[in-house]
Amino acid sequence: MTGSIEDTYRNQPVLVTGGLGFIGSNLARRLADLGACVTVVDSLVPQYGGNLFNLAGYEDRVRINIADMRDIHSMDYLVRGRSYLFNLAGQVSHLDSMTDPHTDLEINCRAQLSLLEACRRNNPEVKIIYSGTRQIYGRPRRLPVDETHPPDPVDVNGVNKLAGEWYHLVYHRSYGLNTVSLRLTNTYGPRLRVRDARQTFLGWWLRQIVEGQTLKIFGDGEQKRDFNHVSDVVEALLLAGAHSPGGEIYNLGADEAVSLNHLAALLIELNGGGNCEWQPFPPERKAIDIGDYQGNYGRIHQALGWRPRVSLREGLCQTLEYYRQHWQHYWDE
Ligand SMILES: NC(=O)c1ccc[n+]([C@@H]2O[C@H](COP(=O)([O-])OP(=O)(O)OC[C@H]3O[C@@H](n4cnc5c(N)ncnc54)[C@H](O)[C@@H]3O)[C@@H](O)[C@H]2O)c1
């Protein structure tokens, strides 16, 4: 590996799709701090995580383009002249992918193809970093899950995100586009959508605990998950953009998986109080639940030196503080 992250991105033209959303906005802010010339493109569909406040304080350093990635003509124009393209735009809700599968298909597949076609025609040199997901593995057959685990998605979102990732790899193999995919696990931190439980249960819990409501745990709460703080995920995206060869796939993951009971207890402790209660799994959630999950991040560690740095305790503390300060930008009273 040569060149620091600072040297790689300073003065470079960078496009972030989904850049008003949770991970995209944290990435855009970091890129601007590194001296990159950042443009974000986001459709600001109201039910998704896009929020203008996510770029508060960066309005003069990040250009915002409100456009839909499904619009081929916009993408033809927007990809031109960029050195790096971080592709974070997506339909993220697993539940929504089951009730409205066609929208998930449109965004997570067709729009991804439009973007790749736009790059092939207008900017074949651009380095593209795709945000894949652990959801493609479905219910793990072994833990921790590494990249050789067979894909076996349990929901429409997992199928479409897998296709979206493989379009990127096919465009590498067939057309030589410089594409890399990171398979993200549960990501949390400031700017996460917390309005309701449609995207992540953790976002919903963060809001509930700040509002003094009772946390609801589905099932017995013993199902385990691994969590990455968004700053660690941003670092992985930057490292992949700077140093990974094209055509690679990397899992992210955490050093330990914790049960939802443990997570709820930690949130209550850090909040200085609160309650939780257990409820039977709603059938539509049970049908797509993946049980225990932990990602093996050995491959990205070996190739790019990445490992998660922010502990769950430290990350949750900081995240709670963010929502206590800024809640009015994330939900109505
Ligand atoms: N957050 C996680 O835990 C997690 C886990 C695995 C994978 N991912 C992936 O990371 C990416 C970012 O997720 P996030 O948590 O930041 O979600 P998010 O909803 O906060 O951000 C996604 C952004 O994409 C935008 N968008 C959606 N469709 C678009 C379109 N057609 N054109 C332009 N913009 C569009 C939305 O408006 C939103 O701002 C997604 O692709 C998701 O699948 C996230």
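The values are calculated or read from the model by the stated rules, or taken from the named source; none is laboratory data. A quick note: this is a predicted structure, and the numbers were derived from the prediction, not measured. Neighbour counts are summed over all protein chains in view; Cβ atoms, including those assigned to glycine, are modelled from backbone coordinates with ideal geometry. Just the protein is used for accessible areas: all its heavy atoms, side chains included, with ligands, DNA and RNA removed. Shrake-Rupley method; radii C 1.70, N 1.55, O 1.52, S 1.80 Å.
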- [ ] Check region 91-98 and report whether any residue there is charged (D, E, K, R) and within 14 Å of the ligand (Cβ to nearest atom).
- [x] yes
Task: Hits in region 30-54 - residues which are within 14 Å of the ligand (Cβ to nearest atom) and crowded, with 24+ Cβ neighbours inside 10 Å - done: 40, 41, 42, 49, 54
Open item on the list: Among the residues of region 74-81, are any more than 8 Å from the ligand (Cβ to nearest atom), open to solvent by 50 Å² or more (accessible area, probe 1.4 Å), of a type in the set (A, V, I, L, M, F, W, C) and closer than 24 Å to residue 34 by Cβ?
Closed with: no
TODO: Please enumerate the residues belonging to region 203-251 that are of a type in the set (A, V, I, L, M) and under 26 Å from residue 33 (Cβ atoms).
DONE: 206, 230, 233, 234, 236, 237, 238, 239, 240, 242
- [ ] Could you list, in sequence order, all residues of region 169-190 that are within 12 Å of the ligand (Cβ to nearest atom) and under 20 Å from residue 107 (Cβ atoms)?
- [x] 181, 182, 183, 184, 187
Task: Residues located in region 55-70, provided they are open to solvent by 50 Å² or more (accessible area, probe 1.4 Å) and either near the ligand (Cβ under 8 Å from one of its atoms) or at pLDDT below 95 (or both) - done: 70
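Residue-by-condition table, conditions (1) open to solvent by less than 20 Å² (accessible area, probe 1.4 Å); (2) free of Cβ contacts under 8 Å to residues at least 24 places away in the same chain:
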{"residue": "147", "(1), (2)": "no, no"}
{"residue": "150", "(1), (2)": "no, yes"}
{"residue": "169", "(1), (2)": "yes, no"}
{"residue": "226", "(1), (2)": "yes, no"}
Open item on the list: With the requirement that a residue be within 22 Å of residue 251 (Cα to Cα) and either of a type in the set (D, E, K, R) or near the ligand (Cβ under 9 Å from one of its atoms) (or both), what does region 108-141 give you?
Closed with: 108, 127, 130, 131, 132, 133, 134, 135, 139, 141
Task: Among (1) more than 13 Å from the ligand (Cβ to nearest atom); (2) hydroxyl-bearing (Ser, Thr, Tyr); (3) under 15 Å from the mean Cα position of the chain (by Cα) - the single one residue 244 does not satisfy - done: (3)
